[in-house]
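Each remark here refers to the structure printed beneath this line.
The values are calculated or read from the model by the stated rules, or taken from the named source; none is laboratory data. Keep in mind that what you see is a predicted model, and the values were worked out from it rather than measured. We place every Cβ from the backbone using ideal geometry, glycine too, and count neighbours over all the protein chains shown.
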Amino acid sequence: MITAEQKPMKELVECVRPFQRILLAGCNECVTVCAAGGRKEVGILASALKLQFQAEGKPIEITEITLERQCDPEYVEELVAQIDKVDAVLSMACGCGVQEVARRYTDKPVFPAVNTKFMGASERQGVWAERCQGCGDCVLGLTGGVCPVARCSKQILNGPCGGSTNGKCEVSSDTDCAWQLIWDRLKALGKLDQYEENIPAKDWRSGRGGGPRKIVREDLAS
Amino acid sequence: MKTDSILEKILASGQLAVTSECGPPRGALPDKVREKAQLLKGYVDAVNVTDNQTAMVRMSSLAACILIKQMGITPLLQMVTRDRNRLAMQSDIIGAYSHGIDTMLCLSGDHPSFGDHPMAANVHDIDSVQFVEMVTTMRDQGKFQGGEKIDGPPKMFVGAAANPFADPFELRVSRLAKKVKAGADFIQTQCIYNIDKFEKWMEGVRERGLHEKVYIMAGITPMKSVGMAKYMKNKVPGMDVPDDVIKRLAGVPKEKQAEEGIKMCVEDIQRLKEVKGVSGFHIMAIEWEQKVPEIMERAGLLPRPQF
């Protein structure tokens, strides 16, 4: 999933300050799962903002809504009913959702309420970790199902570097060395011979190197 | 011979080669480079010039290499994948060779989080294995990494690093094999303090016959004090400083620790000379270059061969 974290309250208060009526829009997808911008977080943030401005003697009006998917024009259309009644939108979706709202409602200011972080997985309750950088040319088949692009601090494709210590990355003892994980996994699979196959330099055109990316499926495109 | 590198000539002759290191200054102070290099002149075969080591901004390795070359000393250009993409790296390699720099070391580099620009993007377009392959392809096939022909290929003698002490130990010979497969001509190892472990690694290297495909230069750094030894043990990633080393330094008075450090380093060199497959030494006397002549003398590594 795409993970996100709510922005600091101070920053949110300042971006809302010039407006009287706010539409606080959550998303029912990834940000709900990572507890950053779902229905529950929308409710909590709305209350916190109202309290803040009430205390300042400048009460604001906040309309709460949580869309099924903010990155999908079909659902973003649902904001039509509220959009003219507000001065600005504060979106709790990931960056994709924020941009979809901005694209559809051209004359309405839209602000992000969360910082979009990474594509990751849940390690345990309340902990998410990066797993994928969307490089567009997946190497997981060569690396035992552990991604060196996303999980090695130096994105080394022929690792590990000389800083791997007790299974941890030199950058942080909280981070597993991706190449230790790859080695362990190849060993478990009986595929250690694969380790010595040098992985060639990556063609980053499939990733950000080629500019903004797009998928066009002729069979589905209308 | 693949190149005109003096280092290649010495290694190919079967004599022990010795390199040392010079870290460029943190400012536009060419005399600082010259002062350090002068201390090493005539005592070692080539001087490694580090590339923004510990991820701190310094005078570029290439610029400092040129200054050193002008003094009649052979510079060894270090380059890391952290700060440049493959376009910038290849243009610097051609540029270096145009200035007569024909020996280099391909590294990934310390992560930016260790340096004074932790906010910088880390490039890592290619890794150190791919880097070695890129430079040997430039030399042997006369082609850029992108496939186009080079008009005047740089004939670099190509080195890489190996750290026998990083984890997991069991893959460290295989990792070396990857660099050999990529075409590395010589290896400079991480500083060796745990000689038993190094010997065990070399056993694995010899079992695979890798010492016959690549020249292995043993990394040596003299300890200045027990404080430095403790710092290296606890703070430097991938460094293996056994307790015995710390005990021995702690066992002598503070003012004698530097001398003890030199003595230990000379003993280590003597012992490592006996390890089959060791082709030379890389003496990294960090901010202590003036001690290199003494270490060389006491280790019986002088005079240096002439070509």
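Structure values in brief
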| read-out | value |
| --- | --- |
| Of residues in region A:175-197 being in a helix (DSSP H, G or I) and charged (D, E, K, R), the one nearest to the other protein chains (Cβ to nearest Cβ) | A:GLU196 |
| Hits in region B:271-289 - residues which are at pLDDT 95 or above, surrounded by fewer than 20 Cβ atoms within 10 Å (Cβ to Cβ) and in contact with a Lys or Arg (Cβ under 9 Å, 6 or more places away or on another chain) | B:LYS276, B:GLY277, B:TRP288 |
| Among the candidates B:LYS276, B:LYS247, residue that is out of contact with any helix residue (DSSP H, G or I) (no Cβ under 6 Å at 6 or more places or on another chain), among the basic types (Lys, Arg) and not in a helix (DSSP H, G or I) | B:LYS276 |
| Any hit, region A:198-214, residues being part of a loop (DSSP other than H, G, I, E, B), aliphatic (A, V, I, L, M) and away from chain B (no Cβ under 14 Å) | no |
| Any hit, region A:150-169, residues being modelled with pLDDT of 95 or more, in a helix (DSSP H, G or I) and not hydroxyl-bearing (Ser, Thr, Tyr) | yes |
| When residues of region B:135-168 are limited to those that are closer than 17 Å to B:ALA218 by Cα and more than 10 Å from every other protein chain (Cβ to nearest Cβ), the one surrounded by the most Cβ atoms within 10 Å (Cβ to Cβ) | B:GLY159 |
| Number of the exception - B:VAL129 against (1) touching a Phe, Trp or Tyr at 6+ places or on another chain (Cβ under 9 Å); (2) among the β-branched types (Val, Ile, Thr); (3) over 29 Å from B:GLU35 (Cβ atoms) | (1) |
| Count of residues meeting criterion [more than 14 Å from the chain's Cα centre (by Cα), farther than 17 Å from A:TRP204 by Cα and surrounded by 16 or more Cβ atoms within 10 Å (Cβ to Cβ)] in region A:126-150 | 4 |
| Some residue of region A:89-112 being more than 23 Å from A:TRP128 (Cβ to Cβ), part of a helix (DSSP H, G or I) and hydroxyl-bearing (Ser, Thr, Tyr) | no |
| Pairs with Cβ under 7 Å, 6+ apart, first in region A:50-73 and free of Cβ contacts under 8 Å to residues at least 24 places away in the same chain, second surrounded by 18 or more Cβ atoms within 10 Å (Cβ to Cβ) and among the hydroxyl-bearing types (Ser, Thr, Tyr) | none |
| Leading residue by the ranking (surrounded by the fewest Cβ atoms within 10 Å (Cβ to Cβ)) among those in region B:96-134 that are more than 10 Å from chain A (Cβ to nearest Cβ), part of a helix (DSSP H, G or I) and within 21 Å of the chain's Cα centre (by Cα) | B:TYR97 |
| Hits in region B:38-88 (condition: in contact (Cβ under 8 Å) with a residue 60 or more places away in the chain and away from chain A (no Cβ under 14 Å)) | B:LEU39, B:LEU40, B:GLY42, B:TYR43, B:VAL44, B:ASP45, B:ASN48, B:ASN52, B:MET56, B:VAL57, B:THR74, B:LEU76 |
| Flag for B:ASP240 being farther than 24 Å from A:ASP193 by Cβ and surrounded by fewer than 16 Cβ atoms within 10 Å (Cβ to Cβ) | no |
| Only listed residue being on the phi < 0 side of the Ramachandran plot and in contact with an Asp or Glu (Cβ under 6 Å, 6 or more places away or on another chain), chosen from B:ASP140, B:ASP102, B:ASP151, B:ASP110 | B:ASP102 |
| Scan of region B:236-270 for residues that are of a type in the set (D, E, K, R) and over 20 Å from the mean Cα position of the chain (by Cα), ordered by number | B:ASP243, B:ASP244, B:LYS247, B:ARG248, B:LYS254, B:GLU255, B:LYS256, B:GLU259, B:GLU260, B:LYS263, B:GLU267 |
| Candidates B:MET217, B:MET228, B:MET223, filtered to the one that is over 17 Å from the mean Cα position of the chain (by Cα) and crowded, with 21+ Cβ neighbours inside 10 Å | B:MET223 |
| Residue in region B:192-208 that is closer than 22 Å to B:VAL44 by Cβ, surrounded by fewer than 23 Cβ atoms within 10 Å (Cβ to Cβ) and within 16 Å of the chain's Cα centre (by Cα) present | no |
